[in-house]
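So the structure is just underneath, and the comments pick up after that.
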Amino acid sequence: MATTKLTRRGKVVLAVAVLGVVLGYAFGGRSLNAVVVPAAALLGVTRLYVHTFPEPSVERTAPSEGYQGDRRTVELVVDAAQPYPATIRDRLSDGLHGDSERDAEADGRTLTYDVELAERGVGSVGPCSVRATDPFGLWKVGFVAGTQERVTVFPRVHELRDTAALLSGYVGVTDDREQFAGVREYERGDPLRDINWKASAKRPNDFAVTEYAGEGATDRVTVAAEAVGPRADSVAEAAASVAVHLLDAGVAVGVATTPGSVEPAHGDPHRRRLLGALATFERGRLPQHRREDADVVVHAPESGEHVTVTVGGTDYRYAEFVGRSAGPERTNPANRGEVSA
């Protein structure tokens, strides 16, 4: 639906016309004819002109998810049955930063702008506002078009040191690969060494993975996240790093947070669900049973001191585990190597 208003210049013209009416009554019709009629005619004609602007359609290509610190490109296609010059601006929620305003024709061309996923959480892009004026700048007409699209911003993920110690020593993962247990479809995150090439040859469209007896029970880890104080972002970052590290090693990983839990599993869809739970993680104290059932507890005290990772009853500073940031797709390269722990 369109909204039409006078611009500041239009209000000045209207004020001049009103003043002309006053002067006409005071000094005669000549003043009325000289000022009021042209001003009124101009206001009327330009008002009819902006009324002809059709409502535009908006198509948007925007990221649905990404890691905190990532910069992504948003594409907009704004089209109208009768093209006209306009100022086009996408609405960005808190936590998404970017200059989304463009001056362009509403003629179906593709417009782009960059958005920074600056803060962890769930944000939104859109709807789009389209503002146009008449050639004299007396009237402005505005449209709100397009949909609002959700953007999930995952915590930053860092590469961890000492892979073997973290897996075998800290969480007690075994590597019992002596007894064959079966074959299943490959899921992203499964170790490449487990691909059964003979069975995969019979499946032209996917791979098969060998399962061994004893893997299912011990290769399941739950990471609990708790921020009693103001370090929720740091705890989410640490928990995400530990979880992704274990997933990359082929371990089924789940998370436990104050709102709820994600059960351990493998695969890329599960990875995104897990990171999505940590994207919305907030400060609060975990129920005692969730903390006790977890294999790894990531915790920040009320005092706001460093983040602690508790494994096997032993506390470690999260900074002891951290190497560099894990990959350009997971974190802003400018922040590579920085750890908020």
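The values are calculated or read from the model by the stated rules, or taken from the named source; none is laboratory data. Note that the coordinates shown come from a computational prediction; the quantities given were computed from them, not determined experimentally. In this analysis, Cβ positions are derived from the backbone assuming ideal geometry, glycine residues included, and neighbour counts consider all displayed protein chains. Heads up: the accessible areas ignore ligands, DNA and RNA and are worked out on the full protein's heavy atoms, side chains in. Shrake-Rupley method; radii C 1.70, N 1.55, O 1.52, S 1.80 Å.
Miscellaneous remarks
- The lone exception for residue 82 - which of (1) modelled with pLDDT of 95 or more; (2) more than 29 Å from residue 233 (Cβ to Cβ) it fails: (1)
- Residue pairs whose Cβ atoms lie under 7 Å apart, sitting 6 or more positions apart in sequence or on different chains, and linking a residue in the range 294-315 that is under 18 Å from residue 284 (Cβ atoms) to a partner that is outside any strand (DSSP E or B) and polar (S, T, N, Q), are 300/234; 307/234.
- Where a residue in the range 264-276 is open to solvent by 10 Å² or more (accessible area, probe 1.4 Å) and its partner, wherever it lies, is of a type in the set (Lys, Arg) and outside any helix (DSSP H, G or I), with Cβ under 6 Å and at least six apart: 264/220; 268/188
- Looking only at residues of the range 313-330 that are at pLDDT 75 or above and assigned to a loop (DSSP other than H, G, I, E, B), we find that the one that is surrounded by the most Cβ atoms within 10 Å (Cβ to Cβ) is 321.
Conditions tested, residue by residue: (1) of a type in the set (A, V, I, L, M); (2) within 30 Å of residue 234 (Cβ to Cβ); (3) at pLDDT 95 or above.
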residue	(1), (2), (3)
101	no, no, yes
115	yes, yes, yes
118	yes, yes, yes
124	no, yes, yes
128	no, no, yes
132	yes, no, yes
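- Of all residues in the range 114-128, at least one satisfies being aliphatic (A, V, I, L, M) and touching a helix residue (DSSP H, G or I) at 6+ places or on another chain (Cβ under 8 Å).
- Some residue of the range 282-293 being closer than 18 Å to residue 156 by Cβ and either modelled with pLDDT of 85 or more or within 27 Å of the chain's Cα centre (by Cα) (or both): yes
- Residue under evaluation residue 310, criteria (1) modelled with pLDDT of 85 or more; (2) closer than 19 Å to residue 66 by Cα, criterion not met: (2)
- Selected residue [open to solvent by less than 10 Å² (accessible area, probe 1.4 Å), farther than 22 Å from residue 185 by Cα, in contact with a strand residue (DSSP E or B) (Cβ under 6 Å, 6 or more places away or on another chain) and aliphatic (A, V, I, L, M)] from 279, 294: 279
- Residue satisfying all of: in the range 96-123; open to solvent by 20 Å² or more (accessible area, probe 1.4 Å) and among the polar types (S, T, N, Q); farthest from residue 282 (Cα to Cα) among these: 110
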